[in-house]
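Step one of this worksheet: look at the structure below.
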Amino acid sequence: MIELKHITKWVNSGGNRVFLLRDINLTVNEGEFISIMGPSGSGKSTLLNVIGMLDEFSEGEYNFLGQPVHELKEKHRSQLYKSHIGFVFQAYHLIDELTVYENIETPLLYQNIKSSERQAIVADILDRFNIVGKKDLFPTQLSGGQQQLVGVARAIVAKPKLILADEPTGNLNSKQGEEIMELFRKLNAEDGVIIIQATHSERNAAYGSKIINLLDGRVEK
């Protein structure tokens, strides 16, 4: 399903290489729920961005659904992640110029789903997240917790094969956070969606079937 081989990523700073990831080897099978833990700066978000094809890497091989990501052109990579990956960002990444409804609808537009079907899918998600009354508001009119709920709704609306979640409950109160984690658990258990989350929370990490600890860009043995 997902296979990272010797993934290394660095940036150049003042003529020196600064390593963000070092020799990451990771295999993720269908139906897994993986929690990535580590202190700030350990490479958790960078690793998620590499898996989500938002960041390129410097060395190594990455195979996703049998496709060699390291050999694909940007356009093909973009199609791959838009079709199969949902991303929950810590900083929301909602589109300010779009309403809540339009933000949630966006992933469906990439999949050639006809308008009436899109409306039904978005209506169902709005209801599921109890945000029907917010559908015509813009992100700036929402609280941080509400924006995060919209971000999660957008990530799951197109039924992705993989959800990548970066501190998914960081801006939610404990009740909302628990509801989101239970939703992830259900998507994983019932629909077989692979979940990979980066978290500081031991409680959230415990939802995973496997915990990977990162330190200084390396997987701790």
Given the residues Asn49, Asn103, Asn63, which is the only one that is part of a helix (DSSP H, G or I), touching an Asp or Glu at 6+ places or on another chain (Cβ under 8 Å) and either under 22 Å from Gln197 (Cβ atoms) or at pLDDT 90 or above (or both)? Asn49
Quick check on my filter: what residues within the stretch 212-221 are assigned to a strand (DSSP E or B) and either aromatic (Phe, Trp, Tyr) or open to solvent by less than 10 Å² (accessible area, probe 1.4 Å) (or both)? Leu214
Can Val88 be described as over 19 Å from the mean Cα position of the chain (by Cα) and closer than 19 Å to Gln148 by Cβ? no
Which residue out of Leu65, Leu98, Leu80, Leu72 is hydrophobic (A, V, I, L, M, F, W, C) and either on the phi > 0 side of the Ramachandran plot or open to solvent by 70 Å² or more (accessible area, probe 1.4 Å) (or both)? Leu65
Residue, farthest from Ala205 (Cα to Cα), within the stretch 25-46, restricted to residues that are of a type in the set (Gly, Ala, Ser) and not in a strand (DSSP E or B): Gly41
Return a yes/no flag: does the stretch 187-201 have any residue that is modelled with pLDDT under 95, over 22 Å from Met53 (Cβ atoms), part of a helix (DSSP H, G or I) and not acidic (Asp, Glu). yes
Going through the stretch 192-211 one residue at a time, which ones are open to solvent by 10 Å² or more (accessible area, probe 1.4 Å) and either under 16 Å from the mean Cα position of the chain (by Cα) or of a type outside the set (A, V, I, L, M) (or both)? Gly192, Val193, His200, Ser201, Glu202, Arg203, Asn204, Tyr207, Gly208, Ser209, Lys210
Test set (1) in contact with a helix residue (DSSP H, G or I) (Cβ under 6 Å, 6 or more places away or on another chain); (2) in contact (Cβ under 8 Å) with a residue 24 or more places away in the chain - Val132 fails condition number: (2)
Between residues in the stretch 1-24 that are at positive phi and in a strand (DSSP E or B) and residues that are open to solvent by less than 80 Å² (accessible area, probe 1.4 Å) and of a type in the set (Phe, Trp, Tyr), which pairs lie under 9 Å by C-beta distance while being six or more apart or on different chains? none
Test Leu54 against the criterion of being open to solvent by 60 Å² or more (accessible area, probe 1.4 Å) and not basic (Lys, Arg), and give yes or no. yes
Say we look at the stretch 110-146 and pick out the residues that are at pLDDT below 90 and assigned to a helix (DSSP H, G or I); which of these is most open to solvent (accessible area, probe 1.4 Å)? Arg128
Taking the stretch 39-51 and keeping residues buried (at least 16 other Cβ atoms within 10 Å of the Cβ) and more than 17 Å from the chain's Cα centre (by Cα) leaves Ser42
Pick from the stretch 157-182, criterion assigned to a loop (DSSP other than H, G, I, E, B) and among the small types (Gly, Ala, Ser), ranking: most open to solvent (accessible area, probe 1.4 Å): Gly170
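For every residue, the table says whether it meets (1) of a type in the set (Gly, Ala, Ser); (2) in contact with a Leu (Cβ under 9 Å, 6 or more places away or on another chain); (3) over 16 Å from Ile212 (Cβ atoms).
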residue	(1), (2), (3)
Glu3	no, yes, no
Gly15	yes, no, yes
Leu21	no, yes, no
Leu26	no, yes, no
Asn29	no, no, no
Pro39	no, yes, no
Thr46	no, yes, no
Glu61	no, yes, yes
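The values are calculated or read from the model by the stated rules, or taken from the named source; none is laboratory data. These figures come from a predicted structure and were not determined experimentally. Positions of Cβ are generated from backbone atoms using ideal geometry, with glycine treated the same way; all protein chains shown enter the neighbour counts. To get the accessible areas, we keep the full protein, side chains included, count just its heavy atoms, and leave off ligands, DNA and RNA. Shrake-Rupley method; radii C 1.70, N 1.55, O 1.52, S 1.80 Å.
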